1. Restricting attention to region 105-129, report how many residues are at pLDDT 95 or above and touching a strand residue (DSSP E or B) at 6+ places or on another chain (Cβ under 6 Å).
2. crowded, with 20+ Cβ neighbours inside 10 Å and either farther than 19 Å from residue 295 by Cα or of a type in the set (Phe, Trp, Tyr) (or both): does that describe residue 240?
3. State the number of residues belonging to region 216-234 that are crowded, with 21+ Cβ neighbours inside 10 Å, closer than 18 Å to residue 134 by Cα and more than 21 Å from the chain's Cα centre (by Cα).
4. Using the structure shown, decide if residue 347 is in a strand (DSSP E or B), more than 21 Å from the chain's Cα centre (by Cα) and loosely packed, with under 14 Cβ neighbours inside 10 Å.
5. In the set 254, 266, 243, which member is farther than 18 Å from residue 314 by Cβ, modelled with pLDDT of 95 or more and in contact with a Phe, Trp or Tyr (Cβ under 9 Å, 6 or more places away or on another chain)?
6. Could you tell me how many of the residues in region 318-332 are out of contact with any Cys (no Cβ under 6 Å at 6 or more places or on another chain), farther than 27 Å from residue 444 by Cα and not in a loop (DSSP other than H, G, I, E, B)?
7. Among residues belonging to region 198-215 that are surrounded by fewer than 24 Cβ atoms within 10 Å (Cβ to Cβ) and in contact (Cβ under 8 Å) with a residue 60 or more places away in the chain, point out the one that is farthest from residue 244 (Cα to Cα).
8. Scan region 394-410 residue by residue and report those that are surrounded by 23 or more Cβ atoms within 10 Å (Cβ to Cβ) and either among the hydrophobic types (A, V, I, L, M, F, W, C) or assigned to a loop (DSSP other than H, G, I, E, B) (or both).
Amino acid sequence: MQTKLNLRKVLALGATLAMLATSALASSTSSWPVYGGNANHNSVVSGAPTSIATGYPKQLNLTSTTGWDGVDNVPVMQTVDGVTYAYVLFDGYGTNGAQVVKVNCATGGEVWRTTAQQTPGSLNAKSGFQLSTPYLDDSTGTLYVGVISAYTYDPDTDEYLQNSKSKILALTNLDAAQPTVSEVLINIDGQINTPIVKYGSYIYFGTWPGGSNAGKYYQVDVSTTSYTYKTFTPESYGFYWAGAVSDGTNIYFGSDNGKLYWRKAGTNFDSSSAGGVLDLTTAAKGASDAGNVRSTVMLDGDKLYFTSQGGYLWCCSFDEDDEALSIQWKVSLDGTSTSTPTLVKTTSGTTTTVDIYTGYYSGFNAGGVQVTSFTQGSAPTDSSVATIATGFPVQCSILYSDGYVYFNTNSGTGCGFCYPASGRNLTATSGYAWKTANDTYALGGMACDNGYLVFGNDKNHLYVVK
């Protein structure tokens, strides 16, 4: 059933400002607008730095406090008239709550940040962490942000009241001195812990209520400010880091308890007959210990790739005639994985080699980066998996550029690394092209645009590398 919300808009864009924003966006030359950098979530770029330039990395301290609150998602980026910006969602818990900051990557300076909690222009949320990677819509100049532990404004008492709900916000007027913050969807049960993605006129995200409780996957129509939406609710379990991908007809996303779902995009998204599920624990070629699917799904051609916490890399496909998902193959990794696979193809003569890069971890001290290599048209086996580097936990996706892999580590001395993709069995102390200084837990992963890399950590330190 379609639901319509009558939402209070904090501010409205004037026609002149809208024209200015549209003009600026029209001159955008490149961007990293979504988790993985593109609609398929395959983190492959060109021009990422293989050495660190003089004056870099730039480190921004987003808050004056330290602790577990911080940057726990991946920034989104945009280059306008040759100037590259990063939009970063972070949580300052004990200070100003959740905020978004726009950073000039060349100077390392803040362009703006949303205001402190319980003030107009604020995200009005405070939890200590925000796991949902925003979505930057270049075409409309809108940044969609999901936050948890939200405050809502009560006009009767003129107060901001905190609850355990989540909400989706739209930030517009991004080129002004301060953005406009508007509510898209509020009072959402559970945590929004997945990336926000957009296909056509719809944004998609999932919620995680904890334990075996059923979450919801949302499809919200953002083509008008009516923001009508539909939801899909599984029998049990929720969606954690499990971002969706589209093949143009269907939406695919994983869940806790080893499931991969598909839904028809559009008017039938919530229909019981317009979707299905693949149980990785019982399906042919599956594994009883598949574990939670806590990676975003990556699409290449007609194949779906993702990892699971049972320590597997999966390849699945959808049969349009049977309207069913099936497992093509899986391989075992050396540990738990929440890393969205990154796929690179290299052709020599008539042979195409496929390399798929994934991170893995065991607790906060062990893990690394592996590559699964095989000839296109064949299926890899466990022996196809090789280790590039080890000695640190990697929960993020691996960024690939021109023969190098880039990632950050989620340990008490977490930092950013660049290694040659051809390396094997390298360590945390040798074999890398560059690394940033040891700092703290860096969970979310890197974004890249126009030769700049950006990532953050749990001390609310933001790094810009060039």
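The values are calculated or read from the model by the stated rules, or taken from the named source; none is laboratory data. Keep in mind that what you see is a predicted model, and the values were worked out from it rather than measured. Counting neighbours? That spans all protein chains shown, and the Cβs are built from the backbone with ideal geometry, glycine included.
1. Going through region 105-129, the residues at pLDDT 95 or above turn out to be 105-114.
Right, trim to touching a strand residue (DSSP E or B) at 6+ places or on another chain (Cβ under 6 Å) and you get 105, 108, 110-114.
Residues meeting the conditions: 7.
2. On the way: crowded, with 20+ Cβ neighbours inside 10 Å: yes; either farther than 19 Å from residue 295 by Cα or of a type in the set (Phe, Trp, Tyr) (or both): yes.
Yes; evaluated as a whole, the condition is true for this residue.
3. Residues that pass the stated criteria total 1.
4. Working: in a strand (DSSP E or B): yes; more than 21 Å from the chain's Cα centre (by Cα): yes; loosely packed, with under 14 Cβ neighbours inside 10 Å: yes.
It is true that residue 347 is in a strand (DSSP E or B), more than 21 Å from the chain's Cα centre (by Cα) and loosely packed, with under 14 Cβ neighbours inside 10 Å.
5. Values: 254 fails: farther than 18 Å from residue 314 by Cβ; 243 fails: farther than 18 Å from residue 314 by Cβ.
That would be 266, the only listed residue that is farther than 18 Å from residue 314 by Cβ, modelled with pLDDT of 95 or more and in contact with a Phe, Trp or Tyr (Cβ under 9 Å, 6 or more places away or on another chain).
6. Just the residues of region 318-332 that are out of contact with any Cys (no Cβ under 6 Å at 6 or more places or on another chain), to begin with: 318-324, 326, 330-332.
Adding the requirement that they be farther than 27 Å from residue 444 by Cα leaves 318-324, 326.
Add one more test, that the residue is not in a loop (DSSP other than H, G, I, E, B), and what stays is 318-319, 324, 326.
Going through region 318-332 one residue at a time, the tally reaches 4.
7. Filtering region 198-215 for residues surrounded by fewer than 24 Cβ atoms within 10 Å (Cβ to Cβ) gives 198-202, 209-214.
Those still in the list that are in contact (Cβ under 8 Å) with a residue 60 or more places away in the chain too: 198-200, 202.
Working: 198: 9, 199: 10, 200: 14, 202: 12 Å.
Out of the qualifying residues, it is 200.
8. 394, 395, 396, 397, 398, 399, 405, 407, 409, 410
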